[in-house]
Amino acid sequence: MPFISLPKPLSNHYIHHNLCFNTNLPKWKTTTTRASSSAAPGVDLNTLQSAIDKKDSSAVKEALNQLNEVGWAKQWSSQPYVSRRTTSTRELTTLGIKNAENLAIPSVRNDAAFLFTVVGTTGFLGVLTGQLPGDWGFFVPYLIGSISLVVLAVGSISPGLLQAAITSFSSVFPDYQERIARHEAAHFLIAYLLGIPILGYSLDIGKEHVNLIDEKIEKLIYSGQLDAKELDRLAVVSMAGLAAEGLTYDKVVGQSADLFTLQRLINRSKPQLSKDQQQNLTRWAVLFSASLLKNNKVIHEALMESMSKKASVLECIQAIEGAA
């Protein structure tokens, strides 16, 4: 899942990768979509498309609000009231979250599989090449065996490089792409339901993220004055991907970046939360987002399909509204 960097002063964009904050925005390819493609007759989506193209958060919100008023963007900001409460692990289990007690424990599935493959492969090749005649039977196994040591050294000196290799290797898992789509579509959908405009997204390996824009929220985060109301909203969006995986799989793989993002948001909020309050916020955010995902399962699946086809942001919004 995506790497997170906090916003810089005077930036115009609030970005989420599971949440991701960055002012160096990619130039997303967009396709101008006419209202006749899937909107109701007489509904013009060109204003919304133009706002997305300009990366103007205020204009995106205004366009969606206007579309909501004329009866098209009915799902936009349809869940404006988010109120934190005390939540237990049992509630998560009752809702359908699998292994709820382990949600906050980072998964080592991909790391273990990568290292096991490297060690196993080099060990097998070392034994095999040990049968070569003469000095070849000594030097070749020695060189092959050193690969594992090099991998461990790289992990110690430059963990980012090793993580990139592990991420690429993870694509061999049959459920990897489906997990990514389910995870990122959950962030996209929950943000949309809570009224936080989406700027872009990516499902590319190592670059998975959903970008959100909200100048007001960004200023609060940068100043370290994120209030409880906005923290709750962002916590729900942050935990959406984790919740989506938890509802489907026995083990959640992509929660590390989400939990890291939530912690960064908590650290920039006022008043500061105690450890118990932070744990409760995490449980509640997972419960709330999981509830929304269960209640909007058809929409979530439709959005997953659109994102998997690399649809534009506007096309994804159309998929949400069309599946409602």
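The values are calculated or read from the model by the stated rules, or taken from the named source; none is laboratory data. Since the structure is predicted, the reported quantities are computational estimates derived from the model, not experimental observations. Glycine also receives a Cβ, built like all others from the backbone with ideal geometry; neighbour counts cover every protein chain displayed.
Looking across the stretch 248-300, just one residue is of a type in the set (G, A, S) and free of Cβ contacts under 8 Å to residues at least 40 places away in the same chain, and that is S274. The requirement of being out of contact with any Cys (no Cβ under 6 Å at 6 or more places or on another chain), of a type outside the set (G, A, S), modelled with pLDDT of 95 or more and in a helix (DSSP H, G or I) is not satisfied by D258. As a summary of the residue check, I213 satisfies the conditions (1) in contact (Cβ under 8 Å) with a residue 60 or more places away in the chain; (2) more than 25 Å from K297 (Cα to Cα); (3) not charged (D, E, K, R) except for the one numbered (2). Being of a type in the set (A, V, I, L, M, F, W, C), crowded, with 18+ Cβ neighbours inside 10 Å and outside any helix (DSSP H, G or I) is true of V252.
Considering the stretch 209-235 alone, what residues qualify as being among the basic types (K, R) and touching a Leu at 6+ places or on another chain (Cβ under 6 Å)? Correct list: R233 only.
The requirement of being of a type in the set (V, I, T) and at pLDDT 95 or above is not satisfied by V252. Among the residues of the stretch 215-223, is any part of a loop (DSSP other than H, G, I, E, B), assigned by TED's automatic domain parsing to the domain that holds M307 and either crowded, with 24+ Cβ neighbours inside 10 Å or not β-branched (V, I, T) (or both)? Checking the stretch 215-223: not a single residue is part of a loop (DSSP other than H, G, I, E, B), assigned by TED's automatic domain parsing to the domain that holds M307 and either crowded, with 24+ Cβ neighbours inside 10 Å or not β-branched (V, I, T) (or both). Of L281, L247, L287, L234, all but one fail to be assigned to a helix (DSSP H, G or I), buried (at least 16 other Cβ atoms within 10 Å of the Cβ) and in contact with a Ser or Thr (Cβ under 6 Å, 6 or more places away or on another chain); the exception is L287. With respect to V298, is the statement that it is assigned by TED's automatic domain parsing to the domain that holds I97, farther than 23 Å from Q225 by Cβ and touching a Gly at 6+ places or on another chain (Cβ under 7 Å) true? Considered against the rule, which asks whether it is assigned by TED's automatic domain parsing to the domain that holds I97, farther than 23 Å from Q225 by Cβ and touching a Gly at 6+ places or on another chain (Cβ under 7 Å), V298 comes out as no.
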